[in-house]
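The values are calculated or read from the model by the stated rules, or taken from the named source; none is laboratory data. Just so we're clear, the structure is a prediction, and the values are computed from it rather than from any experiment. So basically every Cβ, Gly included, is an ideal-geometry build from the backbone, and we count neighbours across all protein chains shown. Side chains are part of the model used for accessible areas, which takes the heavy atoms of the whole protein and leaves out ligands, DNA and RNA. Shrake-Rupley method; radii C 1.70, N 1.55, O 1.52, S 1.80 Å.
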Amino acid sequence: MNILQLADTRVGKLVARQPGVARVFEKYQIDYCCRGGTTLSEACKIQNVDMEQVISEIELVQDTGESPVETNWNKSTLTELVNHIVDTHHAFLATELSRISGLVAKVFMAHGEKRPELASVVETFRLMREELESHMAKEENILFPAIQSLEQNSGPALFPFGSIGNPIGMMVHEHDEVGKALRRLRQLTVDYSPPADACPTYRVMLDSLENLEQDLHLHIHKENNILFPQAAELEHSISVA
């Protein structure tokens, strides 16, 4: 793929093709999950980064085949991807959201007087946690079973919510809200940089928030850019068959 083709390719599609590209995008804070439909050229302009440098690093990943230990989910069944999301990303959130809530509260109690921005960290994280827990419940109880049903049955599916595009649209909107919260947390913590007087718990909180952000980027990418489009395409193919 030449430079012009890469520049015009959607960032979510680049990561879907080569998971290792996600690390390049994380380095430059290019949003490939909630804004996966943005072209590489547009994304570099938004982040004010040198597109040629980003492309050179993408090409290095592609040329070497360098990639994290990560399945190419484009080649898996929808059921396999759903199970992976629940067993890996939802399970991660189930433990981390509670753990980080405790850290955020503890750091605020110890440092909030000197660092008033921590009050906003507490509130932003609280709202994001509520959003994510409700979101995961809707996916596990409504959307994901519907997607698996589509894949397992050859005939048209009749869902109480109509087209599968309806709950997908809701989930994408909620992903956008989570993306806004993540950007807000990064802003409030100055890119998760510990202040000079940060205690060990403060540093653990920042490290945990950054790890959570990276996992959510991959999590949302797999849904927005792989699972949801393939499910919608499958529903369409069944309806016109």
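Quick look at the values:
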| quantity | calculated |
| --- | --- |
| Total formal charge among the other residues, if their Cβ is under 13 angstrom from that of Arg35, Lys/Arg +1 and Asp/Glu -1 | +2 |
| Computed label-point distance, nm, for sites Asn72 and Arg23 using a 7 Å Cα→Cβ extension | 1.8 nm |
| The range 146-186: proportion of alpha-carbon pairs further apart than 17 angstrom, % | 48 percent |
| All lysines inside 24 Å of Lys138 as judged from Cα atoms, apart from same-chain residues fewer than 8 positions distant | Lys180, Lys222 |
| The chain: DSSP helices with Cα axial extent of at least 24 Å and average Kyte-Doolittle hydropathy no lower than 0.5 | 91-111 |
| Reachable aspartates and glutamates from Lys75, criterion Cα separation under 16 angstrom, eight or more residues apart if same chain | Glu151, Glu223, Glu233 |
| Loop chymotrypsin sites (Phe, Trp or Tyr not before Pro), the range 151-219, which have at most 16 other Cβ atoms in a 10 Å radius of their Cβ (DSSP) | Phe161 |
| Estimated FRET transfer efficiency (Ala137, Gln187; beta-carbon r; R0 41 Å; 0.05) | 0.90 |
| Spacing of the two label points (7 Å from each Cα toward its C-beta) at Ser98 and Leu158, in nm | 4.1 nm |
| Dimensions (Å) - the chain, Cα atoms, principal axes, largest first | 64, 45, 28 |
| Cα extents of the range 104-231 along the three principal axes, largest first (Å) | 62, 21, 18 |
| Whole-number accessible area per residue in Å² for the range 47-194, which is evaluated in the context of all protein chains at 1.4 Å | 54 Å² |
| Cα gyration tensor shape of the range 1-127, rounded if a/c is under 1.5, else prolate or oblate by comparing a/b with b/c | oblate |
| Cα pair distances in the range 165-205, grouped into 10 Å bins until the bin that holds the longest one, percent each | 26, 32, 21, 15, 5 |
| Estimated FRET transfer efficiency (Glu117, Leu4; beta-carbon r; R0 41 Å; 0.05) | 0.45 |
| The range 205-225 residues near the modelled His173 label - backbone nitrogen below 20 Å, point 7 Å along Cα→Cβ | 220-221, 223-225 |
| Loop sites in the range 97-132: trypsin sites (Lys or Arg not before Pro), DSSP, at most 15 other Cβ within 10 Å | Lys114 |
| Apportionment of accessible area to carbon and sulfur, the chain, percent (1.4 Å) | 53 percent |
| Most mobile listed residue (Ala43, Ala22, Ala157) in the chain, GNM with C-alpha springs under 10 Å | Ala157 |
